[in-house]
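The structure appears right after this line, and notes come after that.
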Amino acid sequence: MIEIQNLRHTFAIGKKEHERKVPVLKGVTLDVQKGEIVAILGKSGSGKSTLLHILAGFMTPESGSVLVNTKETAKMKEEEKADFRLANFGFIFQNFQLMPGLTAFENVELPLKIKGETVKKRQAKVRALLEKVGLQDVADHYPNELSGGQQQRVSIARALVTDPPILLADEPTGSLDSETEQDILMLIQSLNQSLGLTFVIITHDDEVANVAHRQYRLHDGELVKGEKRHAI
Amino acid sequence: MQFKDQLDFIKQHMKRNKLRVATTILAAMMGCAFLIILASVGFGMQQTVTDQVLDNQIVTEIEVAGREDGDSITDQEVEAMHQIAHVKAVTDRTSPNADAVAKIGDRSGFVAAATVDMEQEQKAGLKLSEGKMPSSANEVIIGYHFAQNLLTEEERKKVDDGEEVSGGFAGSLIGQTFQLELTPYEGETEAGVWEFTVAGIKEEPGKDWISDNTLLIDDSWAPVFQEELALEESGRQVLVYADDLQNVADITQTLKDKGYYVYSVTEELGSMNMFFTALKAGLIVVGTVAVLIASIGIFNTMTMAVTERTREIGVMKAIGAKPKLIQKLFLMESAAIGIIGTVLAVLVSYGVSILANWLVPKIIMSSLGEDGEGMGDVSILISVIPWQLVVISAIISIGVAMISGWRPARKATQIDVIQALRQEL
Ligand SMILES: Nc1ncnc2c1ncn2[C@@H]1O[C@H](COP(=O)(O)OP(=O)(O)OP(=O)(O)O)[C@@H](O)[C@H]1O
Ligand SMILES: [Mg+2]
């Protein structure tokens with residue numbers, strides 16, 4: 001499903017004259033199979049988000065290749081990347097990234113609108129998903145009228161609404177208390193099991209990492225396989 | 001994204017910043033209304049002047065004033081003019097070089113005598129208020145004020161003293177016989193007197209300041225006058241009539257090519273239209289400056305909108321919105337400001353135009369006082385807004401709105417997803 005080969009990336013920091021090179025990824029290689037949950041751990045500043053951003057096509061790596069469904073994303077044009085993301089990825093962000101002017105329902109509906117689906121199809125799909133994440137009663141609420149856990153459920157519903165095969169999550173529970181975190185993790189697990197969705201989850205939280213089938217640790221620009229504490 | 005969803009999207013965005021969007025629309029409206037109203041004055045002036053020109057003459061009439069080489073127009077040449085396509089009639093009036101006085105009983109009066117081709121006059125549209133067209137060479141047509149100008153010696157004295165006399169010849173002149181005395185302007189020849197019978201009276205002239213005391217005599221008399229009075233060559237007035245206004249320009253050109261001095265309504269309007277086209281273009285350019293000033297407002301509003309929504313744009317891009325779509329949504333928003341502003345501006349402009357056309361002539365009249373009475377039949381249009389002006393102004397304002405939204409929209413497409421997602425909520 002996802003094949004990352006020898007990925008390198010270096011950031012240039014500071015002004016042109018005395019710029020400093022900061023190598024963040026120094027040859028990362030990773031294979032993710034369909035239906036897997038893969039967790040990537042690492043200290044703050046170790047380059048986890050950078051890896052995910054490259055995978056999502058938000059930025060272009062210095063070298064190396066990223067194949068998603070055998071497609072090389074780095075070589076795509078902006079417009080192609082957008083279409084590719086719409087078809088293949090769902091995103092779950094730490095701070096939810098909902099549209100403040102849209103209700104929960106409309107937020108979930110947004111990717112379908114961008115895709116150009118008809119109103120009828122949209123309504124049915126969104127309603128079904130809101131039910132699945134347990135938010136049918138707050139569909140008309142705006143994000144600022146929802147709790148953090150509810151907002152993250154909206155964001156998960158939004159990520160799922162276009163039926164993407166892969167979900168990318170950057171610290172999905174980073175802004176939630178531990179009880180809500182458990183709810184969200186259970187939701188992720190059940191989605192993985194019932195729909196066979198592939199997850200790549202970035203976290204520094206062992207609780208989160210424990211739902212993964214495989215764990216990796218990003219250390220000094222390299223990815224090392226982590227040992228699992230509990231079996232799922 | 002479906003078009004309806006795009007509209008919903010920008011509608012929702014505009015609602016979120018009602019006050020800012022409303023003031024920007026207001027500025028766009030004022031700019032566009034200024035442009036329309038300013039240019040409408042040019043259109044109004046043109047309309048007023050054109051109406052005056054068309055009102056004062058028969059529009060299908062083409063005057064052949066003479067030959068460019070200075071020769072006088074010959075009968076054969078007049079004959080040739082009949083052959084030009086779309087010519088309905090050619091009237092050929094020759095005025096004898098002599099004072100013409102009509103006498104009936106103790107009354108007499110100067111008349112404007114001319115020998116004419118009666119058949120062509122009728123074809124050209126000569127209308128009678130009374131009587132019929134002549135059936136013999138001794139019968140004539142007289143002008144509407146002919147009878148009125150026939151005065152007695154006594155009355156004539158009064159007129160010379162500046163007194164009003166009413167009447168002239170009372171009763172109908174139809175069937176009456178009168179004497180025409182022709183006294184040559186130059187030469188030694190004695191005056192000649194002929195008798196004619198009135199067959200018909202021309203209709204009243206369209207303007208009340210025209211006094212028509214013409215006398216139209218059959219052109220078989222022209223050689224008679226010429227010979228008996230030993231007249232110098234007489235003045236000839238040739239008028240060519242087109243069958244329709246749209247053929248006037250062609251006939252005018254044909255006559256010009258043949259070497260005549262020609263004068264027609266298209267000639268006059270042609271040079272006038274050039275002037276007014278330049279004037280209107282100038283006014284539109286000046287008006288566009290107002291639209292450009294308003295566009296700064298649109299630029300600001302859209303730039304702020306993009307800055308404010310950086311995070312949302314980032315999310316849109318992250319979940320799969322193409323840069324093109326983002327650009328389109330912002331361009332649509334600035335276009336919407338332009339369109340709403342233009343629609344309001346058109347309504348306001350028509351209102352102002354109607355008000356100005358009603359109010360300004362009133363003000364002019366009252367400031368002219370009694371002198372204004374003479375202007376009674378001159379209709380002044382201060383402002384005219386034809387649909388072409390609406391179209392031009394709409395294109396300018398909506399175009400300018402979209403151009404000013406262009407940079408902000410480009411900026412929106414270039415927003416970096418990672419940076420945008422990092423922004424605090
Ligand atoms: N746009 C950038 N320009 C320069 N340096 C950057 C840029 N983005 C990230 N970095 C640097 O790259 C390194 C990795 O950043 P990254 O955001 O991937 O860390 P992370 O592992 O996600 O950390 P955290 O757990 O705190 O989110 C950091 O040292 C950071 O300073
Ligand atoms: Mg991070």
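Residues in the range A:43-75 that are outside any loop (DSSP other than H, G, I, E, B), more than 16 Å from ligand 2 (Cβ to nearest atom) and in contact (Cβ under 8 Å) with a residue 24 or more places away in the chain were compared, and the one that is nearest to the chain's Cα centre (by Cα) is A:V68. Among the candidates A:I40, A:I114, the residue that is facing chain B (nearest Cβ under 9 Å) and either in a strand (DSSP E or B) or more than 28 Å from A:H213 (Cα to Cα) (or both) is uniquely A:I114.
Residues that are touching a Leu at 6+ places or on another chain (Cβ under 6 Å), in contact (Cβ under 8 Å) with a residue 40 or more places away in the chain and open to solvent by less than 60 Å² (accessible area, probe 1.4 Å) do not occur anywhere in the range B:150-160. A:G101 is checked against (1) of a type outside the set (S, T, Y); (2) touching a residue at least 24 places away in the same chain (Cβ under 8 Å); (3) more than 23 Å from B:M1 (Cβ to Cβ) and fails just one. What number does that condition carry? Every listed condition holds for A:G101 apart from (3). In the range A:22-40, the residue that is farthest from ligand 1 (Cβ to nearest atom) out of those that are in contact with a Ser or Thr (Cβ under 6 Å, 6 or more places away or on another chain) and under 14 Å from A:D220 (Cα atoms) is A:P23. For the range B:235-255, filtering for residues that are without any contact (Cβ under 8 Å) to a residue 24 or more places away in the chain and loosely packed, with under 15 Cβ neighbours inside 10 Å leaves 2.
Filtered by the rule that a residue be among the charged types (D, E, K, R) and surrounded by fewer than 18 Cβ atoms within 10 Å (Cβ to Cβ), the range A:103-135 gives A:K120, A:K121, A:R127, A:E131.
Quick one: would you say A:L25 is at pLDDT 90 or above, within 16 Å of ligand 2 (Cβ to nearest atom), more than 19 Å from A:V208 (Cα to Cα) and away from chain B (no Cβ under 14 Å)? Yes, satisfied. So for the range B:323-330 (the condition being under 29 Å from B:S383 (Cβ atoms), of a type in the set (A, V, I, L, M) and open to solvent by less than 20 Å² (accessible area, probe 1.4 Å)), does at least one residue qualify? No, every residue in the range B:323-330 fails to be under 29 Å from B:S383 (Cβ atoms), of a type in the set (A, V, I, L, M) and open to solvent by less than 20 Å² (accessible area, probe 1.4 Å).
For A:L86, state whether it is outside any loop (DSSP other than H, G, I, E, B) and either within 16 Å of ligand 2 (Cβ to nearest atom) or among the β-branched types (V, I, T) (or both). Here the answer is no, as A:L86 does not meet what is asked. Contact map, the range A:138-159: first residue within 14 Å of chain B (Cβ to nearest Cβ), second residue open to solvent by 60 Å² or more (accessible area, probe 1.4 Å) and part of a helix (DSSP H, G or I), Cβ cut-off under 8 Å, separation 6 or more or different chains; pairs are A:A157/A:K132. Selection over the range A:47-63 of residues that are among the polar types (S, T, N, Q) and near ligand 1 (Cβ under 8 Å from one of its atoms) gives a count of 2.
Got at least one residue in the range A:3-21 being within 16 Å of ligand 2 (Cβ to nearest atom) and within 19 Å of B:Q419 (Cβ to Cβ)? Yes, because at least one residue in the range A:3-21 is within 16 Å of ligand 2 (Cβ to nearest atom) and within 19 Å of B:Q419 (Cβ to Cβ).
Conditions tested, residue by residue: (1) at positive phi; (2) surrounded by fewer than 21 Cβ atoms within 10 Å (Cβ to Cβ); (3) outside any helix (DSSP H, G or I).
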| site | (1), (2), (3) |
| --- | --- |
| B:P223 | no, yes, no |
| B:E233 | no, yes, yes |
| B:M272 | no, yes, no |
| B:I298 | no, no, no |
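The values are calculated or read from the model by the stated rules, or taken from the named source; none is laboratory data. Just so we're clear, the structure is a prediction, and the values are computed from it rather than from any experiment. Backbone-built Cβ (ideal geometry, glycine too); neighbour counts: all protein chains shown. Areas reflect the complete protein model, heavy atoms only, side chains present, ligands, DNA and RNA absent. Shrake-Rupley method; radii C 1.70, N 1.55, O 1.52, S 1.80 Å.
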